[in-house]
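Step one of this worksheet: look at the structure below.
Just so it is clear, none of the values below were taken in a lab; they were calculated from the coordinates. If you're wondering where the values come from, they're calculated on a predicted model, not measured in any experiment. Virtual Cβ from ideal backbone geometry, glycine too; neighbours counted across all protein chains shown.
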Amino acid sequence: MDEFKQDFLKWQEQIKEQIKKRPERKEEFQTSSSIPIERTYFPDKIDNAYIDSLGFPGEYPYTRGIRGTMYRGKYWTMRQYAGFGSAQETNERFRYLLDQGQTGLSVAFDLPTQIGYDSDDPMALGEVGKVGVAIDSLEDMEILFDQISLNQVSTSMTINAPAAVLLAMYIAVAEKQGVAKEDIRGTIQNDILKEYIARGTYIYPPKPSMRLITDIFAYCSDHVPSFNTISISGYHIREAGSTAVQELAFTMSNAVAYVEAALAAGLDIDSFAPRLAFFFNGHNEFFEEIAKFRAARRMWANIMKERFDAKNPKSWQLRFHTQVAGSTLTAQQPENNVVRVALQALAAVLGGTQSLHTNAKDEALSLPTEDSARIALRTQQIIAHETGVSDTVDPLGGSYYIETLTDQLEEEALKYMNQIDEMGGAVSAVEKQYMQREIHRAAYDAQKRLENKDDIVVGVNKFQVGEEQQPDLLKVDEAFVESQIERLQQIREHRDNEKVDYILTQLKTAAKGTDNLMYLIIEAVKQYATVGEICHALRDVYGEY
Amino acid sequence: MDKIRVLIAKPGLDGHDRGALVISQALRDAGMEVIYTGLRQSPKQIVRAAIQEDVDVIGLSSLSGAHNVLFPAVLNELNEKGAGDILVFGGGVIPLVDIKELESKGILKIFTPGTPTKVVSSYIKQAVAEHRGEKMNLLHPPKKVDHIGIAVESIEKTAAFYANHFHINVEKIAEVPDQGVRVAFLPLGNCKIELLEAIDESSSIHSFIKKRGEGLHHLAFEVDNVQQRLDQLKTEGIRLIDEQPKQGANGNPIAFLHPKSTHGTLLELCEELDHTNNDKGGQ
């Protein structure tokens with residue numbers, strides 16, 4: 001301890017100062033037996049190896065967490081992804097969830113919105129309002145956030161190819177509410193690389209897509225400083241069937257590609273890196289998941305400090321959202337999913353997540369009902385308030401198993417990353433279908449293990465019961481599609497169409513050049529140009545992938 | 001028979017193709033030619049590809065909830081293009097009520113998450129074979145319950161009970177020495193009661209009665225072809241007691257399935273070789 005005694009004392013002092021400013025949840029934490037719970041537990045001897053690989057919580061390399069007090073200070077943000085049907089229905093669900101104690105919003109958009117088609121586009125047939133809310137114009141966005149003050153909530157939006165358009169709409173709604181864009185908080189997913197790899201809602205080819213992303217980085221670092229400009233996502237890579245190591249490696253390689261694109265566009269690393277966020281999957285294998293989150297933090301800190309020479313500690317900190325694994329939910333005996341979700345969520349909390357979505361038990365059958373959505377939220381509230389796991393920082397740090405797994409996951413992921421670097425980076429690996437093939441192989445292996453009963457899924461290949469009654473499912477009212485389309489057509493009639501055409505023409509010209517497109521896109525949405533119209537303008541210039 | 005050609009397609013906009021890719025690979029491993037369309041295919045594009053590739057079967061995968069609109073649209077387009085003979089099945093996150101609706105509209109079968117890939121490939125093989133007229137019908141339920149087997153200490157004592165109180169008389173008594181049993185058949189409607197009595201202590205009926213006492217022993221379904229049913233069940237991962245048909249009490253082929261695989265009931269499959277008296281009774 002001697003060598004690092006000074007560092008340790010200094011760190012302790014810093015934490016004390018922080019707590020004076022922002023107190024922890026309780027003055028003292030203790031167990032049911034009145035045993036005091038310390039903020040963090042350390043090995044008897046703090047040596048070089050400890051400092052290099054783990055460090056103090058809230059300090060480089062952040063293996064033990066990005067905050068010194070973690071959940072003793074504040075619980076993670078409980079953020080349930082929701083959205084279906086019309087903006088009005090989703091607005092009602094949002095307000096219900098906020099009433100129930102949810103602390104952040106997360107918007108699910110329908111597929112036409114995510115791929116840049118208006119609700120009346122022939123390509124949208126059958127899909128309007130199905131997996132999320134349908135947003136065509138600013139008017140829909142105004143309805144979506146009706147009676148929700150945008151300076152009171154943080155909003156995460158699962159939107160990628162048209163991320164610039166939806167962010168522009170969010171900014172415009174805030175302005176109408178009298179909230180300055182400097183004060184809005186939230187996240188846009190904006191991670192196009194994993195769309196090519198695993199999720200499928202891309203529009204344009206990779207190069208222009210990367211340019212749209214760096215335009216957003218630049219715009220937000222100047223004007224919307226509290227918005228996470230991207231959520232670099234391993235979630236969907238894992239859902240597509242990857243292993244934990246692949247999830248980690250491919251996400252990090254994608255992150256490196258975004259950083260390199262932004263640097264190539266002339267941005268300063270510390271101007272945008274603090275707003276990069278991550279999104280991981282909370283899967284079944286309990287300890288491996290915890291190790292994955294810890295390894296991710298250490299890898300990112302290393303990459304930012306050593307590879308990109310970032311100076312601001314905020315650039316080194318990997319902040320992440322977790323959603324538990326939808327693909328592990330079973331249609332058979334759906335009640336069992338509540339238990340799966342609880343265990344997966346617990347791993348995410350023990351791994352130090354900043355925000356969490358817990359799935360509803362019926363999601364293998366359809367979108368969640370209000371009841372099942374409530375149980376999902378309650379699951380994480382129980383972990384937070386009843387189990388005591390939040391009362392000390394990184395409770396599993398120092399476990400032989402966890403630390404070994406953390407090291408090994410990092411090591412294996414680095415091997416993959418080196419391979420991707422050798423292929424010329426993530427963009428070129430994606431174009432060569434490298435990650436796609438690796439994931440597919442892992443997915444097929446998993447399916448075979450399941451069918452050979454090497455892997456057991458309770459209720460699916462063991463402990464089955466006879467065909468069950470299907471529980472009540474959420475039905476999206478199809479009638480709204482007609483009124484959505486009618487409203488859209490009225491907007492097109494009543495807006496200033498000359499102005500809309502003019503801005504869209506300007507946008508096309510700018511898309512061929514190098515000017516930041518965000519300014520024109522904001523102008524366009526304020527004139528009620530639709531998601532489809534703006535995306536089609538860019539399709540005309542960039543083509544489709 | 002010619003290799004089965006399958007088009008796996010993703011109609012609509014959803015990008016989740018893990019299931020489509022896994023099924024494609026599994027069907028290839030099962031010996032079929034599989035073409036995967038990739039994402040975001042309209043019904044028109046799917047049907048065009050199916051006709052160009054001259055496939056026997058189209059498999060549609062959807063996880064976004066658009067199946068009620070898009071799957072029937074594919075069927076309509078097939079009929080319009082005169083390709084209504086291509087079989088269509090589907091898979092994805094599809095609620096039970098929608099499955100019934102879609103199957104009634106002409107989708108051959110919907111497979112939901114958790115279905116073993118072997119069940120899917122076996123089903124497709126059977127469906128195509130039947131469609132090509134190469135095999136008998138295995139996709140339909142067995143014809144009827146042929147008989148209900150009851151394990152008894154003594155055929156004579158039990159037969160007396162049925163005769164005295166229900167006026168059901170024994171039609172025939174036979175011995176099946178290699179199974180160590182003596183059996184009696186009592187006709188009832190278009191079904192029979194089969195009484196089984198152990199010949200010696202090595203008989204399975206002897207150990208059954210020792211363990212559980214007299215009572216219901218098995219259920220027998222009449223099928224067209226025991227061998228083909230066994231082949232199908234085996235590829236679907238069902239545990240068989242008899243992998244090959246054996247001779248039953250009246251010389252017809254029979255086989256037993258393991259109760260571990262059938263949720264607790266010992267099931268027998270039997271085939272009526274002499275079809276002359278097949279259609280008596282029933283509808």
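Once the mean 1/r over all distinct Cα pairs of the stretch B:1-115 is inverted, what Kirkwood radius in angstroms do you read off? Let's see the in-between values first.
Details: mean 1/r = 0.0722 Å⁻¹.
Taking the inverse mean of 1/r over all distinct Cα pairs, the stretch B:1-115 comes out at 13.8 Å.
With a point put 7 Å past each Cα toward its Cβ, work out how far A:HIS536 is from A:THR103 in nm, to one decimal.
Placing both labels 7 Å along Cα→Cβ, they lie 4.4 nm apart.
Return one number: the angle in degrees, 0 to 90 and rounded to the nearest 10, between the long axis of the Cα atoms of helix A:163-177 and the longest principal axis of the Cα atoms of chain A.
80 degrees
Can you tell me, using C-alpha contacts under 8 Å and at least 6 residues apart, the relative contact order of chain B as a whole percent?
Relative contact order for chain B comes out at 13 percent.
Can you give the charge dipole size of the stretch B:144-270 about its Cα centre, rounded to the nearest 20 debye, using +1 on the beta carbon of Lys and Arg and -1 on the beta carbon of Asp and Glu?
Numbers: 13 positive and 18 negative charges, 67 e Å.
Around 320 debye, computed over the stretch B:144-270.
With just the Cα atoms of the stretch A:269-402, tell me how far they stretch along each of the three principal axes, in Å, largest first.
Rounded to whole Å, the extents work out to 50, 32, 23 Å.
Could you tell me which of rounded, prolate or oblate describes the stretch A:1-153, using a ≥ b ≥ c as the square roots of the eigenvalues of the alpha-carbon gyration tensor, with rounded for a/c under 1.5 and, failing that, prolate when a/b is larger than b/c and oblate otherwise?
Numbers: a/c = 3.61, a/b = 2.47, b/c = 1.46.
It comes out prolate by the Cα gyration axes.
List, in order, the whole-Hz ³J(HN,Hα) value for each residue of the stretch A:512-521 obtained from phi through the Karplus relation with A = 6.51, B = -1.76, C = 1.60 and θ = phi - 60°; use x for Gly and Pro.
Per-residue couplings from phi come out as 6, x, 10, 4, 5, 7, 4, 4, 5, 5 Hz.
Could you compute the FRET efficiency for A:VAL465 and A:ASN284, with r as their C-beta to C-beta distance and R0 at 22 Å, rounded to 0.05?
Details: r = 21 Å, r/R0 = 0.96.
In this case the efficiency is close to 0.55.
With axes computed from alpha carbons, what is the tilt in degrees of helix A:286-302 against the longest principal axis of chain A, rounded to the nearest 10 within 0 to 90?
80 degrees
Given A:LYS194/A:LYS415; A:LYS194/B:LYS105; B:LYS172/B:LYS234; A:LYS453/B:LYS125; A:LYS10/A:LYS74; A:LYS361/A:LYS526, which pairs have Cα atoms separated by over 28 Å?
On the way: A:LYS194/A:LYS415 19 Å; A:LYS194/B:LYS105 37 Å; B:LYS172/B:LYS234 33 Å; A:LYS453/B:LYS125 24 Å; A:LYS10/A:LYS74 23 Å; A:LYS361/A:LYS526 39 Å.
Pairs exceeding 28 Å: A:LYS194/B:LYS105; B:LYS172/B:LYS234; A:LYS361/A:LYS526.
Straight-line reach from B:LYS10: which lysines fall under 18 Å, measuring Cα to Cα and dropping same-chain residues less than 8 apart?
Those lysines meeting the cut-off are A:LYS130, B:LYS44, B:LYS109.
Can you work out the FRET efficiency for the pair A:GLU486 and B:LYS100, with r the C-beta to C-beta distance and R0 = 35 Å, to the nearest 0.05? Could the numbers behind the result be given before it?
Details: r = 32 Å, r/R0 = 0.91.
Plugging the Cβ-Cβ distance into 1/(1 + (r/R0)^6) gives 0.65.
Spin-label point model (7 Å from Cα, Cβ direction): what's the B:SER154 to A:TYR545 distance in nm?
Simple spin-label model gives 8.2 nm for this pair.
Can you tell me how chain B classifies by the Cα gyration tensor, rounded, prolate or oblate, using a/c under 1.5 as the rounded cut?
Prolate, since a/c reaches 1.5 and a/b exceeds b/c.
On C-alpha positions alone, give me the angle between the axis of helix A:206-223 and the longest principal axis of chain A, in degrees, nearest 10.
It works out to around 80 degrees.
According to the Kirkwood expression over distinct Cα-Cα pairs, how big is the hydrodynamic radius of the protein assembly as shown, in Å? Don't jump to the answer; show the numbers that get you there.
Numbers: mean 1/r = 0.0333 Å⁻¹.
This gives a value of 30.0 Å.
Using only alpha carbon positions, build the gyration tensor of the stretch A:123-271, then give the equivalent ellipsoid semi-axes as the square roots of 5 times its eigenvalues, largest first, whole angstrom. Working shown, then result.
Details: eigenvalues 132, 86, 38 Å².
Ellipsoid half-lengths, sorted descending, are 26, 21, 14 Å.
May I ask you to derive the FRET efficiency for A:LYS311 and A:GLN18 from their Cβ-Cβ distance with R0 = 25 Å, giving the value to the nearest 0.05?
Values: r = 21 Å, r/R0 = 0.85.
Computed FRET efficiency for A:LYS311 and A:GLN18: 0.70.
Once the dipole of the protein assembly as shown is set up with Lys and Arg at +1 and Asp and Glu at -1 on Cβ about the Cα centre, which of A:LEU54, A:TYR235, B:LEU267 lies farthest towards its positive end?
A:LEU54
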